[in-house]
Amino acid sequence: MALKPALAQSTLFSGEWNFNKEKSTALNNQLFLSKITVLQQTDSLFTTRVYQNEYGELYPFKENLPLNGTECAIVIYDMPRKAKASLSANQKLMLFESTTTFYGNNGRDDLKSKETWTLANGGKALKIDYALNYSAGSSEGTLYFDKAE
């Protein structure tokens, strides 16, 4: 009987994921997550998120988080960001929370985000249910990403 590698369950979300606009909901087209590259290990999550604006300009940033829910801080484009990630008990959901501080027309504001990641289509799609809150309002929706071959 063959043994499964010990890390088999810990890399479920690993891969390069490209945004699927047709399946996704609640987008305002100002700034959206167009691609995410994920390296998931037993105890950590390393991501490169690439945001795109309505003019096609890309804004990538890298983040390395432990998967035990510990909050970590980074700075992206002069904006402080605190984030934490954890796996559900059955390892089928990735739970992700962040607060990014920015300065807009009305001064300092905090963009608070909650994401729940799940795999769909036999692991060929990444589904991210999200909720965003900041002083100008809130939004929620679902983003779909197709796994790059």
- Relative contact order, percent, the chain [alpha-carbon distance under 8 Å, six or more residues apart]: 20
- In the Gaussian network model of the chain, springs joining C-alpha atoms below 10 Å, which of ASN121, ASN20, ASN106 carries the largest mean-square fluctuation? ASN106
- Item | Length-normalised contact order of segment 43-85 in % [C-alpha pairs under 8 Å, at least 6 apart] | 34
- The answer for GluC sites (Glu not before Pro) in segment 14-116 that fall in a DSSP coil and have at most 12 neighbouring Cβ atoms within 10 Å is GLU22, GLU54, GLU57
- Find the relative contact order for segment 79-131 and round it to a whole percent, using C-alpha pairs within less than 8 Å whose residues are 6+ positions apart. 27
- Item | Förster radius 22 Å - calculated FRET efficiency between THR70 and SER14, Cβ distance, rounded to 0.05 | 0.60
- In segment 8-117, trypsin sites (Lys or Arg not before Pro) in a DSSP loop with at most 16 other beta-carbon atoms within 10 Å: LYS21, LYS23, LYS92
- Taking Cα atoms only, Rg over Rh for segment 15-149 with Rh from the Kirkwood formula is 0.94
- Note on the structure: Comparing VAL50, VAL75, VAL38 in a Gaussian network model of the chain (Cα, 10 Å), the one with the largest mean-square fluctuation is VAL75
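Read the figures in this text as sums done on the coordinates, not as results from a lab. Computed from a prediction, not measured in an experiment: that's the story for all the values here. A quick note on method: Cβ atoms are made from the backbone with ideal geometry, for glycine too, and the neighbour counts reach across all protein chains shown.
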